1. Could you tell me whether the stretch 167-180 includes any residue that is aliphatic (A, V, I, L, M), over 21 Å from the mean Cα position of the chain (by Cα) and either open to solvent by less than 10 Å² (accessible area, probe 1.4 Å) or under 20 Å from L127 (Cα atoms) (or both)?
2. Kindly indicate which of N69, N35, N56 is of a type in the set (S, T, N, Q), over 24 Å from L142 (Cβ atoms), at pLDDT 95 or above and open to solvent by less than 20 Å² (accessible area, probe 1.4 Å).
3. Residues of the stretch 439-450 being among the polar types (S, T, N, Q) and within 24 Å of K279 (Cα to Cα), which ones?
4. Identify, by number, the condition in (1) in contact with a strand residue (DSSP E or B) (Cβ under 7 Å, 6 or more places away or on another chain); (2) closer than 17 Å to K296 by Cβ; (3) among the β-branched types (V, I, T) that I240 doesn't meet.
5. Across the stretch 271-328, which residue is nearest to M52 (Cα to Cα) among those that are hydroxyl-bearing (S, T, Y), open to solvent by 10 Å² or more (accessible area, probe 1.4 Å) and in a loop (DSSP other than H, G, I, E, B)?
6. Here is a list: G407, G360. Which entry is small (G, A, S) and open to solvent by 30 Å² or more (accessible area, probe 1.4 Å)?
7. Is there a residue being within 18 Å of the chain's Cα centre (by Cα) and among the charged types (D, E, K, R) anywhere in the stretch 182-200?
8. Looking at (1) surrounded by fewer than 16 Cβ atoms within 10 Å (Cβ to Cβ); (2) touching a residue at least 40 places away in the same chain (Cβ under 8 Å); (3) assigned to a helix (DSSP H, G or I); (4) not small (G, A, S), find the lone condition where F157 falls short.
Amino acid sequence: MSNQRKQRTTAIIFLYITISTVYLNSRDVSALGVNWGTMATHQLPPKTVVQMLKDNNVKKVKLFDADTNTMVALAGSGIEVMVAIPNDQLKAMGSYNRARDWVRRNITRFNDDVKIKYVAVGNEPFLTAYNGSFINLTYPALFHIQKALNEAGVGDFIKATVPLNADVYNSPPENPVPSAGSFRQDIFEEMKLIVNFLAHNKAPFTVNIYPFLSLYLSSDFPFDYAFFNGQNTVSDNGVIYTNVFDANFDTLLASLRALGHGDMTVIVGEVGWPTDGDKNANIPNAERFYSGLLPKLAGNRGTPMRPGYIEVYLFGFIDEDAKSIAPGNFERHWGIFKYDGQPKFPADLSGEGQKKMLNGAQSVQYLQNQWCMLNPNAHTFSNNTNQLGDNVNYACTFSDCTALGYGTSCGNLDEVGNASYAFNMYFQVHDQKAEACDFEGLAIITTHNISREQCNFPIQIGDPTSGHSDHNHRFGSIIGVGLVSMLVLVMAL
């Protein structure tokens, strides 16, 4: 073989390897990130969570604050990070000096070690449920944070954005198709300011899209349209939509186009499916949803209006048992991992459709193998129903009973099972302290696993030798919601 033919052959082989490498890299969902929330009574150590991200080849993470321990754990990991300013700090960011101090404390001091890409200014601040509380605070905060980033010399590669719920746009009732999308009239001027500012700074628009909520909020919503392999379709001037995710995303694109920014980069900040707390929130539905979403992302299929790459962050990574359940009991069950970092169901983040369990947290410590249950010898069980109901309500007010209720994983328990579940959740949240399993003599501690069929009675994570853990309990978000969630249960008792 001549040298010329050898060189040509080598060039062809090199080109083939290059193309193959690009294709393989595109198949590992390079756009895929996850949301790491920390509203839990007992949290895994941040370093453990970072190792989980690495073990599952997750290259991007979206946070809901800028907690120092989290940032330290992410240092040197190479994971791309979106840090966040919570809604309750938006007012303070209306002062440029405060915004500059925030950037100095949370961005520039970590910038050499943590791969910060975005700053999320607020979280769904225009949500209709907030009744306009943050409408006038969001744009000034966004403006000042980006200005502070620019002044710090990092604004070219760290961009401020505002994660917004998909309720900031819609299509008119008389023409409910994506191409007719526009921003809500009550926030139209604020959205125009924000969109123009993002475009000027070459920053992305961030939106949270939840097909599950479309199903949850409307009994008339076609079930299969929430997934990616259903038979329901919607026609928009000849363009066929087979799922609500695509339709929702393109409604946003139409809304942006109406403001002259149809080509703006869009990030999906949150998308996922919960696994408990509602009749449609379960593992089979979550598995079905992700088995459609992940290959779609890996294949860079995009949407009818925007084929190709979409940057997406799954919501969420780990369950959070202290989240507010005002939107619904499912709020504490969005994770693809359980509270202890163990996977819930097979999910192939590479998007290749392989049925395999994700890599769970390693060396997790649990409290002792003991549970709290209704005392079978408690005579007040049959003689004083009100006393039992009051104690069950108390237990659920200060723990998480969202797995109880119609259509949930523990929804088929009898009255004894309901009470035992409530008592055990309180017992575990309070680190298995003996006084946390009394309830006026109605409860006893047992070393026999009292889980039933599909209903797991969990043991909380913590140090088994000390009898308690060092976790700071976040009862603030639990108090006041347990009573509402337990009305059905008490009536059953």
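1. Restricting attention to the stretch 167-180, the residues satisfying the condition of being aliphatic (A, V, I, L, M) are 168, 177, 180.
Narrowing the set further to residues that are over 21 Å from the mean Cα position of the chain (by Cα) leaves 177, 180.
Next, only the ones that are either open to solvent by less than 10 Å² (accessible area, probe 1.4 Å) or under 20 Å from L127 (Cα atoms) (or both) stay: none.
Within the stretch 167-180, none of the residues are aliphatic (A, V, I, L, M), over 21 Å from the mean Cα position of the chain (by Cα) and either open to solvent by less than 10 Å² (accessible area, probe 1.4 Å) or under 20 Å from L127 (Cα atoms) (or both).
2. Details: N69 fails: open to solvent by less than 20 Å² (accessible area, probe 1.4 Å); N35 fails: over 24 Å from L142 (Cβ atoms).
None of the others qualify; the one that does is N56.
3. Restricting attention to the stretch 439-450, the residues satisfying the condition of being among the polar types (S, T, N, Q) are 446-447, 449.
Passing the criteria: none in range.
4. For I240, the exception is condition (1).
5. Just the residues of the stretch 271-328 that are hydroxyl-bearing (S, T, Y), to begin with: 275, 290-291, 303, 309, 313, 324.
Still in the running and open to solvent by 10 Å² or more (accessible area, probe 1.4 Å): 275, 291, 309, 324.
Of the ones still in play, those that are also in a loop (DSSP other than H, G, I, E, B) are 275, 309, 324.
Details: T275: 20, Y309: 25, S324: 25 Å.
If we take residues in the stretch 271-328 being hydroxyl-bearing (S, T, Y), open to solvent by 10 Å² or more (accessible area, probe 1.4 Å) and in a loop (DSSP other than H, G, I, E, B), then T275 is nearest to M52 (Cα to Cα).
6. Details: G360 fails: open to solvent by 30 Å² or more (accessible area, probe 1.4 Å).
Residue meeting the stated conditions: G407.
7. Initial filter on the stretch 182-200 (within 18 Å of the chain's Cα centre (by Cα)): none.
No, the stretch 182-200 contains no residue that is within 18 Å of the chain's Cα centre (by Cα) and among the charged types (D, E, K, R).
8. (3) is the only condition that F157 fails.
The values are calculated or read from the model by the stated rules, or taken from the named source; none is laboratory data. Everything numeric here is computed off the predicted structure, so don't read it as measured data. Methodologically, a virtual Cβ is constructed for each residue, glycine included, from the backbone with ideal geometry; neighbour enumeration extends over all protein chains shown. Keep in mind that these areas ignore ligands, DNA and RNA; they rest on the heavy atoms of the full protein, side chains included. Shrake-Rupley method; radii C 1.70, N 1.55, O 1.52, S 1.80 Å.
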